[in-house]
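As structure tokens, the structure follows; a few thoughts come after it.
The values are calculated or read from the model by the stated rules, or taken from the named source; none is laboratory data. None of the values given here were measured: they were computed from a predicted structure. Positions of Cβ are backbone-derived with ideal geometry, glycine not excepted, and every protein chain shown enters the neighbour counts.
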Amino acid sequence: MTQPNIIQIESKNALLELLLDDRDFERIYVASNAFKDQKTREIVKIANEKNIPIIKVPRRVLSRKARTGAESVVGVMVSQNTWGLDELLDKIYQEDKIPFFLILDNIKYTQNIAAIMRTAFAVGVNGIIVPPSHKPLVTDETIRISMGAAERIPLVEMNLFEAVKKLKEEDIKIVGVHMEGQEYFKKNLKGPITFILGAEDVGVSTGMLERVDEKTSIPMKEGIGSLNVSVSGAILMYEKLRQEVTS
């Protein structure tokens, strides 16, 4: 039986967002002298309304418990963010939404992954697909950096080749981000689409590039080899959003 993914949330902003999104918290620790903080008051109010146990502890105890060491509120949450691709597609179609996915092709750094999650959630991406891993993608760190988006945007772990095959069967266009592609602002990015973002050091892998429908690039001045992958992803996601809302 798979063990539940228990996450300690130490960011007040992330904690508040997740409470408002009805995520499943086991309990919330609050420093005894923290109630002068308006954001903490709001967290406690919502938690009480949802019958989530509030445990008051001395600030020194909370400081030892918190990895960041300085928070006055710490939430303990059970991550619920595990999806199958078929399940997620069914949900998207039931809600009459346009399929919009990201595939992260072996992106390594937590900071980049979390930044991509935050932007993707803001833009309206339906889901992020990543290769299977022994480590959970939703952690206290990705929650903190993404300010809660790591738990709120649907995540699918599966073989990426199988994911591309399934998405193509659903007539969802696969676009790889690669320097040999056409400039992103010249491409039609409207409709069902998946962007493949590659690893920080090597970009999109050869195997994945062989399976894309199209390639797109972000122009840069001579002497600059590439942008940070989270920046590249943000540019493309917002260009798609721009095209959709101005069509």
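Might you check whether a residue that is more than 13 Å from LEU236 (Cβ to Cβ) and among the hydroxyl-bearing types (Ser, Thr, Tyr) occurs anywhere in the stretch 179-190? The answer is no, given that none of the residues of the stretch 179-190 is more than 13 Å from LEU236 (Cβ to Cβ) and among the hydroxyl-bearing types (Ser, Thr, Tyr).
Of the listed requirements (1) in contact (Cβ under 8 Å) with a residue 12 or more places away in the chain; (2) surrounded by fewer than 19 Cβ atoms within 10 Å (Cβ to Cβ); (3) of a type outside the set (Val, Ile, Thr), LEU189 misses just one: (2).
Right, PRO132: within 30 Å of ILE54 (Cβ to Cβ) and either in the same structural domain as GLY203 (by TED's automatic domain parsing) or touching a residue at least 24 places away in the same chain (Cβ under 8 Å) (or both) or not? No, not satisfied. Residue check: is THR194 β-branched (Val, Ile, Thr) and crowded, with 17+ Cβ neighbours inside 10 Å? Yes: the conditions hold for THR194. Among helices (runs of 4 or more DSSP H) entirely within the stretch 77-171, having at least 3 residues that are modelled with pLDDT of 95 or more and over 16 Å from the mean Cα position of the chain (by Cα) singles out 85-94, 160-169. Screening PHE101 with (1) surrounded by fewer than 21 Cβ atoms within 10 Å (Cβ to Cβ); (2) in contact (Cβ under 8 Å) with a residue 60 or more places away in the chain gives one miss only, at (1).
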